[in-house]
Amino acid sequence: MEENKKELQDKKEEILSEVESFVKAEYEVARLQVIDSASRVVGALLLTICLILVAFAVLSFCAAAAVFALAQCMPAWAACLIIGAIYLLLIPLLLLGSKSMFVDPIVTKLSGLKDSNALQMETLRAEGRAAVHRERMSSHIRFAQTLYNYYTHLAQSLWHTLRDIFFKK
């Protein structure tokens, strides 16, 4: 009997340790997913702001060029169009460099990781650890259900036996 108590106590401590590891792994997965999502959202927001500013500059210079062209019909408008074209060329550069200019610095600041690729790798590792803990937790839950069923059946048998002894008709 004493050995069973010790075994149950050891099993309880093991399960509590597994629960703690499971919670830590799930927390790590959630934290990394929040960082990933937040960095993508903030990066997209910064990219949008930059695109709006560049578009405003392009429209400003194109409008100034149109005004100069209509007002003077002189080569001054050509300079404004060239500057507008330079700003127009910035849009694809911003789109190509958005990850390195916006997303990666946010990932670095929020998570301490080098870039978004490192964040994805760390997230995958954390998900793998969490999956291992989920599997262990499911085996512990099955064990607890087995114990519960066993002791419930034992209590029911005892109750029926006592009922038959004391309330025999």
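It is to be established whether one or more residues within region 118-135 are surrounded by 12 or more Cβ atoms within 10 Å (Cβ to Cβ), of a type in the set (Val, Ile, Thr) and assigned to a helix (DSSP H, G or I).
yes
Name the pairs: first residue in region 142-153 and touching a residue at least 24 places away in the same chain (Cβ under 8 Å) and charged (D, E, K, R), second residue in a helix (DSSP H, G or I) and surrounded by fewer than 10 Cβ atoms within 10 Å (Cβ to Cβ), Cβ to Cβ under 9 Å, at least 6 apart or on different chains?
Final answer for the pair search is none.
Among the residues of region 48-95 satisfying the criterion of being surrounded by fewer than 15 Cβ atoms within 10 Å (Cβ to Cβ) and of a type in the set (Val, Ile, Thr), which is modelled with the lowest pLDDT?
Val67
Quick check on Ile15: is it surrounded by 14 or more Cβ atoms within 10 Å (Cβ to Cβ), at pLDDT 75 or above and in contact with a His (Cβ under 6 Å, 6 or more places away or on another chain)?
yes
Checking the condition touching an Asp or Glu at 6+ places or on another chain (Cβ under 8 Å) and in a helix (DSSP H, G or I), which residue from Val42, Val29, Val34 passes?
Just a single option satisfies the conditions, and that option is Val29.
The values are calculated or read from the model by the stated rules, or taken from the named source; none is laboratory data. Note that the structure is a prediction, hence the values are computed from the model and not measured. Positions of Cβ are generated from backbone atoms using ideal geometry, with glycine treated the same way; all protein chains shown enter the neighbour counts.
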